[in-house]
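Participant: Quick one: this structure, given as structure tokens, is what I'll be asking you about.
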């Protein structure tokens, strides 16, 4: 939870999550798993890390998510394993969608968000799936979701359901 708390703080106040935090947490997870469970623990940590990368890599490549959010999920996966990374991504994405909707409504940009989504889907239909200029994070001018918050909410739900 320390990683999640620090990531939320950095994401909200600086709009960045340091690599030292995400990679450091993942490395500590691997070392801890190996220390406790030997090679089998290392496999759990590494497959969890890979799952975290794999789940959000398509969104990063499409320009819809920052790489730091992907690395944060990978760090969570390194601690909890691939299955928990999947559930954390799912619940975090649901929380992120709600957060984005509230953010768009509160900033009066819901119409523009809907138009951008329609534009993106139209471009994908005509040209195939890929980054769409004007609607990627690099091009965004509106409010941004500090995704560490909903991802941490997804982590909390995953941990709560696993108990």
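Participant: Within the range 134-163, how many residues are in a helix (DSSP H, G or I), exposed (fewer than 13 other Cβ atoms within 10 Å of the Cβ) and touching a helix residue (DSSP H, G or I) at 6+ places or on another chain (Cβ under 9 Å)?
Facilitator: 2
Participant: Just to be sure, is residue 21 farther than 19 Å from residue 66 by Cβ, in contact (Cβ under 8 Å) with a residue 12 or more places away in the chain and either crowded, with 18+ Cβ neighbours inside 10 Å or in contact with a strand residue (DSSP E or B) (Cβ under 7 Å, 6 or more places away or on another chain) (or both)?
Facilitator: In short, no.
Participant: Let me ask you something else. Among the helices (runs of 4 or more DSSP H) lying completely within the range 40-133, list those that include at least 1 residues that are more than 11 Å from the chain's Cα centre (by Cα) and modelled with pLDDT of 95 or more.
Facilitator: Correct list: 67-80, 82-106.
Participant: Kindly provide the set of residues from the range 14-26 that are modelled with pLDDT of 95 or more and part of a helix (DSSP H, G or I), ordered by number.
Facilitator: Within the range 14-26, 19, 20, 21, 22, 23, 24, 25, 26 meet the criteria.
Participant: Could you please let me know if residue 29 is at pLDDT below 95 and either part of a helix (DSSP H, G or I) or crowded, with 17+ Cβ neighbours inside 10 Å (or both)?
Facilitator: No: the conditions fail for residue 29.
The values are calculated or read from the model by the stated rules, or taken from the named source; none is laboratory data. No experiment lies behind these values; they were computed from the predicted model shown. We place every Cβ from the backbone using ideal geometry, glycine too, and count neighbours over all the protein chains shown.
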